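Notes for the one structure printed next.
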Amino acid sequence: MKKNIKDQKMVFIILLSNLFIAFLGIGLIMPVMPSFMNIMHLSGKTMGYLVAVFAVAQLLMSPLAGRWVDRYGRKKTIITGLFLFGVSELIFGLGTNVSVLYISRVLGGFSAAFIMPGVTAYVADITSVQERSKAMGYISAAISTGFIIGPGIGGFIAEYSVRMPFFFAAFIAFLACISSLFILKEPLTKELLTEISAHTKPNFVSDLKRSLNPLYFIAFIIVFVLAFGLSAYETIFSLFSDHKFGYTSQDIAAIITISSIFGVVVQIFMFGRMVDILGEKKLIQICLITGAILAVVSTVVSSFLAILAVTCFIFLAFDLLRPALTTFLSKVAGKEQGFVAGMNSTYTSLGNIVGPAMGGILFDVNIHYPYLFAAVIMVIGLSITVIWREKQLAENSDEY
């Protein structure tokens with residue numbers, strides 16, 4: 001099944017479209033959430049809980065979903081995730097009380113837990129080790145592009161109705177689900193899936209214990225650091241910009257959009273080459289160093305252009321760190337792509353839960369503390385990479 005990316009254009013287009021649509025759906029509802037909050041008479045506390053419920057649901061489902069990727073196949077898991085995502089958005093759009101919204105967010109978290117490991121494992125199965133980094137760069141770019149375009153489309157659609165973006169997200173999710181059903185083919189045979197699943201049983205506790213294996217754990221810790229740092233930075237950025245500089249929502253949106261586009265362009269055209277030259281470990285270390293330094297610099301710059309430049313490069317560091325880690329993990333995973341992809345999602349969820357919460361707490365103490373704390377976390381992550389076993393990684397890559 002391992003062919004050049006060029007020979008599998010349609011498969012890659014469908015896989016990347018699935019991720020793009022999922023994150024487009026998440027992004028396009030952002031502009032309408034304040035209006036939706038007012039219509040439903042929801043408190044800020046409730047909105048925060050709705051965000052947390054999504055991450056918690058993803059956290060709990062991720063290890064099980066990762067196992068299902070190895071047991072039932074990549075295609076079935078992806079289709080299940082897309083269907084759940086469509087149902088989640090449809091329920092949220094139709095919801096008239098808080099209980100229904102919570103159900104929607106739980107289903108949304110489950111859908112994310114299915115889609116990400118399914119797509120990551122599928123891509124790892126059909127690409128050679130040499131092209132893996134390039135493929136993972138495309139995956140990260142698809143995610144980032146969905147986030148970039150989403151808010152703009154959501155704002156436009158919301159002109160017709162505040163609930164319309166949710167219905168649109170549901171529609172494109174069901175469309176992606178149907179196209180995947182007919183176009184994608186399971187990359188692994190039933191015999192190979194049976195062989196892989198026979199060696200492992202879905203157990204959250206045992207999976208967490210296995211993730212402590214030094215070969216995996218260091219990368220998983222950095223996955224957590226990435227999710228923690230990025231979610232804390234993004235959560236606090238708008239508040240920080242408003243409190244310190246008095247920026248308008250248009251100013252903040254412009255900075256985030258330009259920074260995100262910059263990151264996507266570099267990912268698409270340069271990520272594969274950077275991995276070839278530096279290797280995953282060095283690239284990850286450079287990204288952590290850059291992120292830590294720029295997190296501190298964020299607290300001292302004041303001009304709009306300086307803030308834009310800092311934000312562009314800190315977003316780029318995070319955008320390069322994500323696919324570099326995913327590539328590394330896919331290489332050490334061997335045949336257990338589902339397990340590793342599932343635990344990758346688990347540690348991401350942990351970071352997405354703890355990051356915004358810690359950032360908010362520190363922000364109330366001092367608006368600079370979240371960035372300084374994020375810098376400290378990234379330095380700790382950098383120090384952990386020093387003990388990476390590169391020889392062991394090479395051996396696993398050769399076996400796979």
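The values are calculated or read from the model by the stated rules, or taken from the named source; none is laboratory data. Just so it is clear, the structure is predicted and the values come from calculations on it, not from any experiment. Reconstructed Cβ throughout: ideal geometry from the backbone, glycine too, with neighbour counts over all protein chains shown.
Results, tabulated for the structure shown:
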quantity: Neighbours by Cβ (under 7 Å, 6+ apart or cross-chain): first from region 345-356, in the same structural domain as Ala227 (by TED's automatic domain parsing); second of a type in the set (Phe, Trp, Tyr); calculated: Tyr347/Phe220; Tyr347/Phe224; Leu350/Phe224; Gly351/Phe224; Gly351/Phe228; Val354/Phe228; Gly355/Phe228
quantity: Test: residue in region 304-312 that is touching a Leu at 6+ places or on another chain (Cβ under 8 Å) and either assigned to a helix (DSSP H, G or I) or within 21 Å of Ala124 (Cβ to Cβ) (or both); calculated: yes
quantity: Ser302 being out of contact with any Gly (no Cβ under 9 Å at 6 or more places or on another chain), small (Gly, Ala, Ser) and in contact (Cβ under 8 Å) with a residue 60 or more places away in the chain; calculated: no
quantity: Matching option when the condition is among the β-branched types (Val, Ile, Thr), at pLDDT below 80 and in contact with a helix residue (DSSP H, G or I) (Cβ under 7 Å, 6 or more places away or on another chain), among Thr80, Thr46; calculated: Thr46
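Residue by residue, here is whether (1) in a helix (DSSP H, G or I); (2) among the charged types (D, E, K, R); (3) surrounded by fewer than 22 Cβ atoms within 10 Å (Cβ to Cβ) holds:
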{"position": "Gly118", "(1), (2), (3)": "yes, no, no"}
{"position": "Asp125", "(1), (2), (3)": "yes, yes, yes"}
{"position": "Ser133", "(1), (2), (3)": "yes, no, no"}
{"position": "Gly137", "(1), (2), (3)": "yes, no, no"}
{"position": "Ser140", "(1), (2), (3)": "yes, no, no"}
{"position": "Phe147", "(1), (2), (3)": "yes, no, yes"}
{"position": "Gly150", "(1), (2), (3)": "yes, no, no"}
{"position": "Gly154", "(1), (2), (3)": "yes, no, no"}
{"position": "Glu159", "(1), (2), (3)": "no, yes, yes"}
